[in-house]
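S.K.: Dumping the structure here so I can ask a few things about it.
The values are calculated or read from the model by the stated rules, or taken from the named source; none is laboratory data. This is a predicted model, so every value here is computed, not measured. Here the Cβ is made from the backbone with ideal geometry for all residues, glycine too, and neighbour counts use every protein chain on show. Accessible surface areas use protein heavy atoms only, side chains included; no ligands, DNA or RNA. Shrake-Rupley method; radii C 1.70, N 1.55, O 1.52, S 1.80 Å.
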Amino acid sequence: MIDRQTVERIKAAANIVDVVSEFVTLRKAGSNYKGLCPFHDEKTPSFFVSPSRGTCHCFGCGKGGTPVGFIMEHEQMTYPEALRWLARKYHIEIKERELTDEERREQSERESMFIVNEWALNYFEDILRNHPDGMAIGMQYFRSRGFRDDIIKKFQLGFDLPDVRALGRAALQKGYKEEFLLKTGICYKNDRGDLIDRYAGRVIFPWIGVSGKVVGFGGRKLDAATKGVQQKYVNSPDSDIYHKDHELYGIYQAKKAIAKEDRVYMVEGYTDVISMHQCGIENVVANSGTALSVHQIHTLHRFTSNITLLYDGDAAGIHAALRGTDMLLSEGMNLKVLLLPDGDDPDSFARKHTAADFRKYIEEHQTDFIQFKTDLLLRDERDPLKRSEAINSIVESISKIQNQILRDTYIHDCSVRMGIAESTLINQMNRFIRGTREEEQKAVRREQEQQALNPQPATPITHTTPLEQAKKVERLMAELIVREGEKVLFDDVEDDEGNHFPLTVAQYIDHTLRADGLSFQNQTFNQILAEAVAHAGEPGFKAEAYFIDHHDINISQAATQLSNDRYQFISQPVDVNEDMDEKERQRMRQEEQDRLREKTEHLIRDFQMDYLDHRIKTLQQEIAQSSSQPERMRQLMEEFQTVQRLRGALAKKLGNNIML
């Protein structure tokens, strides 16, 4: 358990811009910052970070929160785990008691898998540095590749002993469960049920996620018969915390450099990434020889829109350079390609050049992808059929580009280079664009047909039920409590015992709802109201700041969303001029209070009206079902008439100006 004082220190130290920048490239937008939302796929930034409020919010999907809430949502952590993450970031020491066996059992399965992976990483590192076999075999291999000790440490490289049962024994002795050794894929069971180490006898390359957590491992086999040249890797299998098509090797070590340079270099293998870092080029990641996925592209797009593919200059490198490129273009990435001199890969080239020389070579030789593809496919090609196929492939790639002006520029360029009428290329490009759209529409129709075959009960979207309307008004009331709950509506109220006191927005809402026997359907809103009432009148109490920074993450997240709502139901602050006399100031403050009171009362009446509408509808249904029960029918009819009278009286107060 983390003590309250430490929690407050962590919250005070956590800077929302600093925290979000770990995962999203932010750009200044007035007094705020904005970037691509990390919680849903988008090409136009709708994710805003407010330094003054200490919160972030996406106006597309609605997610965000305080630094703690953001880390919880982004990293799928619990509240204490997010606090520990921030404590590590800001070097705040946490003193807490050891978890009991029962508490350890209650740890989430996902977190348990991360814990086991973290232990395995330390196990592999320790063997590499301290075990005779680790130093003689593993460290010798890394040094033969020219890796310095600081780089080996930076990427947390390791070595696993050849004994296939050693790791399993060590983990079980430390109290780690076999269940999680199997679920992470660190171990598997053979036919006899023995726990076998997946990476035995291999050097280890840990996969570190964007947040710094160990998500998986890659192990390279060292075969003495071939003096370590044999390339054979085994990677972690897919699990709850590791999906190979989601991860990028080196992203954790590269993310700051990618954002700073506004470009990422994509290579194929582990050693390519490590050698480039050692050379001094850090904005580099690898997809380990597989085609890029949409998930990986979205991860990169958070930090930059510019990507350069670095591959060998041989046939395999050329083939790799062409894989997944149309997907990169369709996702809005600006794509360049660089093929290194024949016989070199990024690893060997980096070891032979300084960072300055490598960068200079990249700048002088990287080629726009469309130009690269045009030169590659049409170079010395005389066969009309093959030339036609090549041109079609180039135009199809151009059709994937989202920016229309850029598409037109490429088409014009290709027309000149290929000697083909621009109108011909445009017509063909438009056919590809139409074809893509038709495929998308077919996919939507297939999904709709599937839903028709398996219909789900739903309320018609053309009609808002009383219950749905009540939820909308309820949200507006909760927003009012969060943003202005501490403001005084009535300066002098007398209770039954003759006591006089001011009445705040939160107190007035609470009193009115209680008098009618009403409450919110959303229990978080009820808790917000109760706490706003409990703290009413406390010196310096500001509802918005209090709830946004609340220790209950559900309340904190709800308050953040309510305070960032697109349709904010708030009063404008009084613009009090210093030159005004006291009487004029008092008049303006009174006008503000009157406006706020009118809005609050109107919202409460809307809430009451929606409740009555919902009750009338329910009574009508119950009356229809009670035709065979005369006494029950009579009781329902009496209540129905009473509710109708109440609704009529309330409608007169509201008039025709009912909020929607």
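S.K.: Can you name every one of the helices (runs of 4 or more DSSP H) wholly within segment 132-206 that holds 1 or more residues which are closer than 23 Å to ILE274 by Cβ?
M.R.: 140-144, 149-154
S.K.: Pairs please, first residue from segment 284-307 and farther than 17 Å from LYS256 by Cα and in a loop (DSSP other than H, G, I, E, B), second anywhere and of a type outside the set (Phe, Trp, Tyr) and modelled with pLDDT of 85 or more, Cβ atoms under 6 Å, 6+ apart in sequence or on different chains.
M.R.: Once the first residue is farther than 17 Å from LYS256 by Cα and in a loop (DSSP other than H, G, I, E, B) and sits in segment 284-307, its partners that are of a type outside the set (Phe, Trp, Tyr) and modelled with pLDDT of 85 or more give GLY289/GLU268; SER293/ASP245.
S.K.: Would you please name the residue that is farthest from the chain's Cα centre (by Cα), looking only at residues in segment 43-60 that are farther than 20 Å from GLN76 by Cβ and buried (at least 17 other Cβ atoms within 10 Å of the Cβ)?
M.R.: The qualifying residue farthest from the chain's Cα centre (by Cα) is ARG53.
S.K.: I've got another one for you. Taking the conditions exactly as written (within 19 Å of SER305 (Cα to Cα), out of contact with any strand residue (DSSP E or B) (no Cβ under 7 Å at 6 or more places or on another chain) and part of a helix (DSSP H, G or I)), does LEU376 satisfy them or not? I'd like the intermediate steps shown before the answer.
M.R.: On the way: within 19 Å of SER305 (Cα to Cα): no; out of contact with any strand residue (DSSP E or B) (no Cβ under 7 Å at 6 or more places or on another chain): yes; part of a helix (DSSP H, G or I): yes.
No.
S.K.: Of all the residues that make up segment 300-323, how many are within 19 Å of ASN283 (Cβ to Cβ) and modelled with pLDDT under 85?
M.R.: Going residue by residue through segment 300-323, those that are within 19 Å of ASN283 (Cβ to Cβ) are 300-311, 321.
Within this subset, residues satisfying the condition of being modelled with pLDDT under 85 are 301-303, 311, 321.
Number of matching residues: 5.
S.K.: Let me ask you something else. Of the numbered conditions (1) of a type in the set (Ser, Thr, Tyr); (2) open to solvent by less than 30 Å² (accessible area, probe 1.4 Å); (3) touching a strand residue (DSSP E or B) at 6+ places or on another chain (Cβ under 8 Å); (4) under 15 Å from GLY485 (Cβ atoms), SER556 satisfies every one except a single condition; which is it?
M.R.: The number of the failed condition is (4).
S.K.: Then there's this: Has segment 182-189 got at least one residue that is without any contact (Cβ under 8 Å) to a residue 60 or more places away in the chain, over 30 Å from the mean Cα position of the chain (by Cα) and open to solvent by 20 Å² or more (accessible area, probe 1.4 Å)?
M.R.: yes
S.K.: Only residues that are out of contact with any strand residue (DSSP E or B) (no Cβ under 8 Å at 6 or more places or on another chain), in contact (Cβ under 8 Å) with a residue 60 or more places away in the chain and either open to solvent by 20 Å² or more (accessible area, probe 1.4 Å) or among the aromatic types (Phe, Trp, Tyr) (or both): list them for segment 479-511, please.
M.R.: Selection gives ARG483 alone.
S.K.: Then there is this: Output the residues belonging to segment 400-428 that are of a type in the set (A, V, I, L, M) and surrounded by 13 or more Cβ atoms within 10 Å (Cβ to Cβ). Spell out how you get there, then give the answer.
M.R.: Residues of segment 400-428 of a type in the set (A, V, I, L, M): 401, 405-406, 411, 416, 418, 420-421, 425-426.
Of everything in segment 400-428, those that are of a type in the set (A, V, I, L, M) and surrounded by 13 or more Cβ atoms within 10 Å (Cβ to Cβ) turn out to be ILE401, LEU406, ILE411, MET418, ILE420, LEU425, ILE426.
S.K.: Would it be correct to say that CYS37 is free of Cβ contacts under 8 Å to residues at least 40 places away in the same chain and not in a helix (DSSP H, G or I)?
M.R.: Numbers: free of Cβ contacts under 8 Å to residues at least 40 places away in the same chain: yes; not in a helix (DSSP H, G or I): yes.
Spelling it out, CYS37 is indeed free of Cβ contacts under 8 Å to residues at least 40 places away in the same chain and not in a helix (DSSP H, G or I).
S.K.: Which count do you get for residues in segment 538-591 that are part of a loop (DSSP other than H, G, I, E, B), at pLDDT 75 or above and farther than 21 Å from LEU83 by Cβ?
M.R.: Going through segment 538-591 one residue at a time, the tally reaches 5.
S.K.: Would you call SER397 crowded, with 16+ Cβ neighbours inside 10 Å, without any contact (Cβ under 8 Å) to a residue 12 or more places away in the chain and not acidic (Asp, Glu)? Can you show your working first?
M.R.: Working: crowded, with 16+ Cβ neighbours inside 10 Å: yes; without any contact (Cβ under 8 Å) to a residue 12 or more places away in the chain: no; not acidic (Asp, Glu): yes.
Considered against the rule, which asks whether it is crowded, with 16+ Cβ neighbours inside 10 Å, without any contact (Cβ under 8 Å) to a residue 12 or more places away in the chain and not acidic (Asp, Glu), SER397 comes out as no.
S.K.: Looking at (1) more than 20 Å from SER305 (Cβ to Cβ); (2) buried (at least 18 other Cβ atoms within 10 Å of the Cβ), find the lone condition where SER21 falls short.
M.R.: All conditions pass for SER21, except number (1).
S.K.: Would a scan of segment 171-187 turn up a residue that is acidic (Asp, Glu), touching a helix residue (DSSP H, G or I) at 6+ places or on another chain (Cβ under 7 Å) and modelled with pLDDT under 95? Explain how you work it out, then say what you get.
M.R.: Narrowing segment 171-187 to residues acidic (Asp, Glu): 178-179.
Add one more test, that the residue is touching a helix residue (DSSP H, G or I) at 6+ places or on another chain (Cβ under 7 Å), and what stays is 178.
Subsequent filtering for residues that are modelled with pLDDT under 95 retains 178.
Yes, that holds for at least one residue.
S.K.: Also, quick follow-up: Looking at ILE394, ILE398, which one is within 32 Å of the chain's Cα centre (by Cα), part of a helix (DSSP H, G or I), among the hydrophobic types (A, V, I, L, M, F, W, C) and farther than 30 Å from ALA257 by Cβ?
M.R.: Testing whether each residue is within 32 Å of the chain's Cα centre (by Cα), part of a helix (DSSP H, G or I), among the hydrophobic types (A, V, I, L, M, F, W, C) and farther than 30 Å from ALA257 by Cβ leaves just ILE398.
S.K.: Those residues that are of a type in the set (Asp, Glu) and touching a residue at least 40 places away in the same chain (Cβ under 8 Å), I need them from segment 512-533; list them, please. Please lay out each step first, then the result.
M.R.: Residues of segment 512-533 of a type in the set (Asp, Glu): 516, 531.
Scanning segment 512-533 gives a single hit, ASP516.
S.K.: Still on this structure, I have one more. When the residues of segment 429-443 are narrowed to those that are at pLDDT below 85 and basic (Lys, Arg), which ends up most open to solvent (accessible area, probe 1.4 Å)?
M.R.: ARG437
S.K.: Among the numbered criteria (1) under 30 Å from GLY146 (Cβ atoms); (2) surrounded by 16 or more Cβ atoms within 10 Å (Cβ to Cβ); (3) under 36 Å from the mean Cα position of the chain (by Cα), which single criterion is violated by PHE369?
M.R.: All conditions pass for PHE369, except number (1).
S.K.: Okay, next question. Please work out if THR6 is within 21 Å of HIS550 (Cα to Cα), buried (at least 16 other Cβ atoms within 10 Å of the Cβ), among the polar types (S, T, N, Q) and in contact (Cβ under 8 Å) with a residue 60 or more places away in the chain.
M.R.: Working: within 21 Å of HIS550 (Cα to Cα): yes; buried (at least 16 other Cβ atoms within 10 Å of the Cβ): yes; among the polar types (S, T, N, Q): yes; in contact (Cβ under 8 Å) with a residue 60 or more places away in the chain: yes.
So THR6 passes the test.
S.K.: Identify, please: which residue in segment 192-232 is β-branched (Val, Ile, Thr) and either in contact with a strand residue (DSSP E or B) (Cβ under 8 Å, 6 or more places away or on another chain) or surrounded by 17 or more Cβ atoms within 10 Å (Cβ to Cβ) (or both) and is, among those, modelled with the lowest pLDDT?
M.R.: Within segment 192-232, the first condition is being β-branched (Val, Ile, Thr), and the residues that meet it are 196, 203-204, 208, 210, 214-215, 226, 229.
Then drop every residue that is not either in contact with a strand residue (DSSP E or B) (Cβ under 8 Å, 6 or more places away or on another chain) or surrounded by 17 or more Cβ atoms within 10 Å (Cβ to Cβ) (or both), which leaves 196, 203-204, 208, 210, 214-215.
Details: ILE196: 93, VAL203: 95, ILE204: 96, ILE208: 94, VAL210: 84, VAL214: 94, VAL215: 93.
This residue is VAL210.
S.K.: Related question: Name the single residue, out of those in segment 405-446 being outside any helix (DSSP H, G or I) and not β-branched (Val, Ile, Thr), that is nearest to PHE372 (Cα to Cα).
M.R.: From segment 405-446, those outside any helix (DSSP H, G or I) are 419-421; that's our starting set.
Next, only the ones that are not β-branched (Val, Ile, Thr) stay: 419, 421.
Numbers: GLY419: 17, ALA421: 21 Å.
My answer is GLY419.
S.K.: Within segment 447-488, track down each residue that is at pLDDT 65 or above, part of a helix (DSSP H, G or I), more than 30 Å from GLU331 (Cβ to Cβ) and among the charged types (D, E, K, R).
M.R.: LYS471, LYS472, GLU474, ARG475, GLU479, ARG483, GLU484
S.K.: For ARG382, are the conditions met, namely being basic (Lys, Arg), at pLDDT below 90 and open to solvent by 60 Å² or more (accessible area, probe 1.4 Å)? Please lay out each step first, then the result.
M.R.: Numbers: basic (Lys, Arg): yes; at pLDDT below 90: yes; open to solvent by 60 Å² or more (accessible area, probe 1.4 Å): yes.
Here the answer is yes, as ARG382 does meet what is asked.
S.K.: Restricting to segment 324-335, count the residues that are surrounded by 20 or more Cβ atoms within 10 Å (Cβ to Cβ) and either at pLDDT 85 or above or of a type in the set (A, V, I, L, M, F, W, C) (or both).
M.R.: Counting residues in segment 324-335 that are surrounded by 20 or more Cβ atoms within 10 Å (Cβ to Cβ) and either at pLDDT 85 or above or of a type in the set (A, V, I, L, M, F, W, C) (or both) gives 4.
S.K.: Confirm whether THR66 is among the hydroxyl-bearing types (Ser, Thr, Tyr) and surrounded by 18 or more Cβ atoms within 10 Å (Cβ to Cβ).
M.R.: Working: among the hydroxyl-bearing types (Ser, Thr, Tyr): yes; surrounded by 18 or more Cβ atoms within 10 Å (Cβ to Cβ): yes.
Considered against the rule, which asks whether it is among the hydroxyl-bearing types (Ser, Thr, Tyr) and surrounded by 18 or more Cβ atoms within 10 Å (Cβ to Cβ), THR66 comes out as yes.
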